[in-house]
1. Among LEU11, MET1, ILE69, pick out the residue whose Cα is farthest towards the positive end of the charge dipole of the range 1-108, where Lys and Arg carry +1 and Asp and Glu carry -1 on C-beta, about the Cα centre.
2. Once you charge only the Cβ atoms, +1 for Lys and Arg and -1 for Asp and Glu, what is the size of the charge dipole of the chain about its Cα centre, to the nearest 20 debye?
3. Could you derive backbone 3J(HN,Hα) for the range 65-80 from the dihedral phi with the Karplus parameters 6.51, -1.76 and 1.60 (θ = phi - 60°), listing whole Hz in sequence and x where the residue is Gly or Pro?
4. When ranked by the protection proxy of mean other Cβ atoms within 10 Å per residue, highest first, what sequence do the peptides 90-98, 10-18 form?
5. Please state the relative contact order of the chain as a whole percent: Cα pairs under 8 Å, 6+ residues apart?
6. Over the residues of the range 47-111, compute the C-alpha Rg and express it relative to 2.2 N^0.38 Å.
7. Please list 57-64, 23-30 highest first by mean number of surrounding beta-carbon atoms within 10 Å per residue.
8. So how tilted is helix 5-14 from the main axis of the chain? Cα-based, degrees 0 to 90, rounded to 10.
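No value in this document is a laboratory result; all are computed from the given coordinates. These numbers were taken from a predicted model, which means no experiment stands behind them. We place every Cβ from the backbone using ideal geometry, glycine too, and count neighbours over all the protein chains shown.
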Amino acid sequence: MSWSKEHADLLSAHYGRLPVAEIAAMVGRTADAVMSRAKRLGLGKRVSRRHWHPVKGSREGLFYAFANIGGNRVLMHRFLCDAGPGETVRHGDGDGLNNRRSNLDHRPARDMN
């Protein structure tokens with residue numbers, strides 16, 4: 001299904017300002033569809049412009065990538081999925097440094113059981 005001009009304009013105006021899930025609900029699309037369209041439109045957050053560092057996670061031997069953004073420590077997997085409070089992002093292969101979209105499972109915490 002193609003994107004209407006109205007929905008594309010809404011995405012351009014709100015991507016990066018509102019949670020992806022909220023934009024998805026506004027345009028009647030999945031979060032993955034919103035993120036894919038945003039990437040095609042060049043609206044991404046430019047991961048490469050950040051200085052990412054490894055940090056040891058709470059589980060034995062697991063590391064994650066983080067950056068300081070606006071004075072806050074932000075984990076790359078949460079940054080990429082635009083995860084909000086109460087939402088969980090899991091790494092499918094258990095590798096906290098593998099942040100490929102296909103490896104990330106982003107859902108509200110209550111849906112992760």
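1. Ranked along the dipole, the leading option is ILE69.
2. 380
3. Each residue's phi maps through the Karplus curve to give 9, 9, 9, 8, 10, x, x, 10, 7, 10, 7, 4, 5, 6, 4, 5 Hz.
4. Top to bottom by mean Cβ count within 10 Å: 10-18, 90-98.
5. Relative contact order comes out at 16 percent.
6. Normalised Cα radius of gyration, the range 47-111: 1.07.
7. Ranked from most to least packed, the peptides come out as 23-30, 57-64.
8. Orientation of helix 5-14: about 40 degrees from the principal axis.
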